[in-house]
Amino acid sequence: MAVGVIGGLFMPAFALYGFATMATDSCGPDDCAASVTIPLISAPFLYLTGACLALLSFAFPWTVRWRKARISVAWIGTATSASVVPLLLSVVL
């Protein structure tokens, strides 16, 4: 489920990242404010970290004992990847 949600977020996050990058063309990487450059730098890392955490949830054994750990890691990964969309919306808008 978590991998499906993260996969569904890929296209909106990729589109917002592209538009946010184009929005900063006028100021360049050296002249832009930190409120613009920090989200652009951290967005790919947040998305990939969330995707890796969601995939890591598959590595836990599929027993009842590890169920809470699997669900927790999947939720954290999904939340991390989903945080990219509002972060990039703050740059675009």
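The values are calculated or read from the model by the stated rules, or taken from the named source; none is laboratory data. Only a predicted model underlies this, so the values are computations on that prediction, with no experimental measurement involved. Note: ideal-geometry Cβ built from the backbone for every residue, glycine included; neighbour counts use all protein chains shown. In case anyone asks, the SASA skips ligands and DNA or RNA and just uses the protein heavy atoms, side chains included. Shrake-Rupley method; radii C 1.70, N 1.55, O 1.52, S 1.80 Å.
Percent of accessible area on the chain owned by carbon and sulfur, 1.4 Å probe? Please report the intermediate quantities before stating the final value.
Working: 4560 of 6070 Å².
Result for the chain: 75 percent of the exposed heavy-atom area is carbon or sulfur.
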| What figure in square angstrom, to the nearest 10, would you give for the accessible area of residue 21 with a 1.4 Å probe? | 60 Å²
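On average, how much accessible surface per residue is there in segment 1-80, in Å², for a 1.4 Å probe, leaving out ligands, DNA and RNA? Numbers along the way, then the final one.
On the way: 5430 Å² over 80 residues.
Using a 1.4 Å probe on heavy atoms only, each residue of segment 1-80 averages 68 Å².
Using a 1.4 angstrom probe with every protein chain in place, what is the largest-first accessible-area order of 88, 46?
Working: 88 0, 46 55 Å².
From most accessible down to least: 46, 88.
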| said: Keeping all protein chains in the complex and leaving out DNA, RNA and ligands, what accessible area do you get for residue 37 with a 1.4 Å probe, in Å² to the nearest 10? | reply: 40 Å²
| field | Angle between the chain longest axis and helix 2-23 axis [Cα atoms, degrees, rounded to 10] | value | 10 degrees
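At 0.36 nm per residue, minus the direct Cα-Cα distance, what do residue 55 and residue 23 gain on full extension? Give it in nm, one decimal, please. Kindly include the intermediate steps, with their values, before the conclusion.
Values: separation 32, 0.36 × 32 = 11.52 nm, distance 3.22 nm.
Gain on stretching residue 55 to residue 23: 8.3 nm.
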| In nm, to one decimal, how far is the modelled label at residue 63 from the one at residue 11, with both set 7 Å along Cα→Cβ? | 4.1 nm
| note | For the chain, longest principal axis from Cα atoms; helix 67-82 axis from its Cα atoms; angle between them, nearest 10 degrees, is 10 degrees
| No Cys partner within the rule (Cβ under 4.7 Å), the chain | 52
| note | Hull volume per residue for the chain, using the convex hull of the C-alpha atoms, in Å³ is 78 Å³
| request: Please work out how much accessible surface residue 32 shows to a 1.4 Å probe, ignoring ligands, DNA and RNA, in Å² rounded to 10. | output: 20 Å²
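Would you calculate a helix-derived [θ] at 222 nm for the chain, using -39,500 (n - 2.57) for each DSSP H run of n ≥ 4 and dividing by the full residue count, to the nearest 500? Each step should come with its number before you reach the end.
Details: 5 runs with 74 residues, N = 93.
After summing the helix terms and dividing by the residues of the chain, the value is -26000 deg cm²/dmol.
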